[in-house]
Amino acid sequence: MSATLLENASAKINLTLRVLGRRSDGYHELESLVAFADVADTLTLRPDAEDRLEIGGPFASKSGPIADNLVLKACAALKDRIAGVEGGLFRLEKNIPVAAGLGGGSADAAAALRLAARANSIAFDDPRLMAAALAVGADVPVCIASRARVMRGVGELLSQPIDLPVLPAVLVNPREALATRDVFGKFTGSSGGNRIADVPREFGAFIDFLKRHNNDLTPAAIACAPVVGETLRTLQALPKVELARMSGSGPTCFALFGSQGDAVAAAQRLGDQQKNWWVRPTMIGSAQS
């Protein structure tokens, strides 16, 4: 019996997100500084079993039909590009909220590609692995290494990894799914602002940097789901918060703090106040895979 392989699928956080315009193919040109949290789905692979996927965990019931899951699509995309690739039994523990702006499905797909690469002795820098990732979704390539980077284009253009300060944070999802297409449907134009250049490594300077680089999709997300605005106001009112922002196309928002203790205390306070919300203290950093 082959050993069971395991990979974490870390939540992707859009620390900034600028929409630069709409392309002729209908996609939007983006620029986003992304990092990864220590909140994660887990995915295992037993290579000696028949190809299939089993899903468990707190958000399993929200994950949709198994046949449509990005884990299976990622494995199929890799098989299309490399002859003889073998899959196996995938088991997904779904801990990240679905349709939440945290790239959970993309992270799962990237974890599946890493597992398949390990099981089939494929190097992680094999260009066919990244081609399969992009075929599954625009957010999947950055999740392969799960390192902080600037994403451009539709997500396929990645900077070199960036060393960020470790960011104590609280993630909050009001348990209202929000489809990316609906948010872009309400999007009326960029708020402007600076293009990303040098990213500071010192915590205080980095917070100042983030205050100059927003998430352009926030007004559109609030128009689709007013609870996003409520979530941001609630986070901004927490003691010792440095910055509050929406991730991706929402509805998940995050707040940054100066220490892990402050983040944990804030999460406890917010969890007591909003018992129906998903609230998690976390650390956001450069490499969480």
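Kindly provide the set of residues from the range 92-105 that are at pLDDT 95 or above, among the aliphatic types (A, V, I, L, M) and under 10 Å from the mean Cα position of the chain (by Cα), ordered by number. Matches in the range 92-105: Ile96, Leu102. Checked against (1) of a type outside the set (Val, Ile, Thr); (2) in contact (Cβ under 8 Å) with a residue 60 or more places away in the chain; (3) farther than 25 Å from Ala138 by Cα, Met246 meets all criteria but (3). Every test in (1) over 19 Å from Val98 (Cα atoms); (2) buried (at least 23 other Cβ atoms within 10 Å of the Cβ); (3) not aromatic (Phe, Trp, Tyr) is passed by Pro251 save one, and that test is (1). The residue pairs whose first member lies in the range 133-152 and is among the hydroxyl-bearing types (Ser, Thr, Tyr), whose second member is in a loop (DSSP other than H, G, I, E, B) and modelled with pLDDT under 95, and whose beta carbons are closer than 6 Å, counting only pairs six or more residues apart or on different chains, are Ser146/Gln288; Ser146/Ser289. Taken together, Asp108, Asp80, Asp125 contain a single residue that is part of a loop (DSSP other than H, G, I, E, B) and either surrounded by fewer than 20 Cβ atoms within 10 Å (Cβ to Cβ) or at pLDDT 95 or above (or both), which is Asp125. Looking for something basic (Lys, Arg) and under 18 Å from Ile144 (Cα atoms) - is there at least one such residue anywhere in the range 49-68? Checked against the condition, which is being basic (Lys, Arg) and under 18 Å from Ile144 (Cα atoms), the range 49-68 yields no hits at all.
Of all residues being more than 25 Å from Asn14 (Cβ to Cβ) and assigned to a strand (DSSP E or B) in the range 33-54, which is nearest to the chain's Cα centre (by Cα)? Just the residue, please.
Initially, the range 33-54 is screened for residues more than 25 Å from Asn14 (Cβ to Cβ), giving 44-54.
Narrowing the set further to residues that are assigned to a strand (DSSP E or B) leaves 44-46, 52-54.
Values: Thr44: 19, Leu45: 21, Arg46: 25, Arg52: 24, Leu53: 21, Glu54: 21 Å.
Looking at the filtered set, the residue picked out is Thr44.
The values are calculated or read from the model by the stated rules, or taken from the named source; none is laboratory data. Because the structure is a prediction, the values reported are computed rather than measured. Every residue, glycine among them, receives a Cβ derived from its backbone with ideal geometry; neighbour counts consider all protein chains shown.
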